[in-house]
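Asks: Shown below is the structure under consideration.
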Amino acid sequence: MINLRLEISASKAMELVNQLRTAGCVQGVDFDFRYYPSIQDRFNGPAKPSFVLFHFYKESLATYYGLKWQ
C-alpha cells in the first residue's frame with residue numbers, strides 16, 4: 001500500500017476521487033481515502049491545514065496519480 005498526502009480542501013478531494021472513479025478505479029480495491037479537516041488549536045499555535053490521505057493498493061497507480069496531482 002502506497003500513501004499519498006495532499007493538502008487540499010474537501011471539495012477538491014472529491015474532485016480527485018471522481019477522477020479516479022471515472023478512470024475505472026474501484027474504491028476499496030484500487031484505492032481508499034480519508035479526509036482530515038483543518039484543526040484550530042488556540043494553545044499550540046496556528047491552525048493545521050486540511051489534507052486528504054489516499055491509499056493506493058497498486059504502486060503504479062500511486063506513481064501515476066502522485067505525479068499528476070503534485
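No lab work stands behind these numbers, since they all come straight from the coordinates. Given the structure is predicted, the values throughout are model-derived calculations rather than measurements. Note that we place each Cβ from the backbone using ideal geometry, even for glycine, and neighbour counts take in every protein chain shown.
Asks: Just give me the residues in segment 10-34 being under 9 Å from the mean Cα position of the chain (by Cα) and over 22 Å from residue 67 (Cβ atoms), in sequence order.
Replies: Residues satisfying the conditions do not exist here.
Asks: Take residue 65 and tell me if it is hydroxyl-bearing (Ser, Thr, Tyr) and touching a residue at least 60 places away in the same chain (Cβ under 8 Å).
Replies: On the way: hydroxyl-bearing (Ser, Thr, Tyr): yes; touching a residue at least 60 places away in the same chain (Cβ under 8 Å): yes.
Yes.
Asks: Any idea which of 21, 34, 42 is loosely packed, with under 14 Cβ neighbours inside 10 Å and closer than 13 Å to residue 4 by Cα?
Replies: Every option except 34 fails the conditions.
Asks: Could you identify the single residue in 13, 47 that is out of contact with any Phe, Trp or Tyr (no Cβ under 9 Å at 6 or more places or on another chain) and either free of Cβ contacts under 8 Å to residues at least 24 places away in the same chain or of a type outside the set (Asp, Glu) (or both)?
Replies: 47
Asks: Next up: Please verify whether residue 7 is touching a residue at least 24 places away in the same chain (Cβ under 8 Å) and over 10 Å from the mean Cα position of the chain (by Cα), treating the condition exactly as stated.
Replies: Details: touching a residue at least 24 places away in the same chain (Cβ under 8 Å): yes; over 10 Å from the mean Cα position of the chain (by Cα): no.
No.
Asks: A further question on this structure: With (1) touching a residue at least 60 places away in the same chain (Cβ under 8 Å); (2) surrounded by 11 or more Cβ atoms within 10 Å (Cβ to Cβ) as the list, and residue 70 as the residue in question, which single condition is left unmet?
Replies: Of everything listed in (1) touching a residue at least 60 places away in the same chain (Cβ under 8 Å); (2) surrounded by 11 or more Cβ atoms within 10 Å (Cβ to Cβ), residue 70 misses just condition (2).
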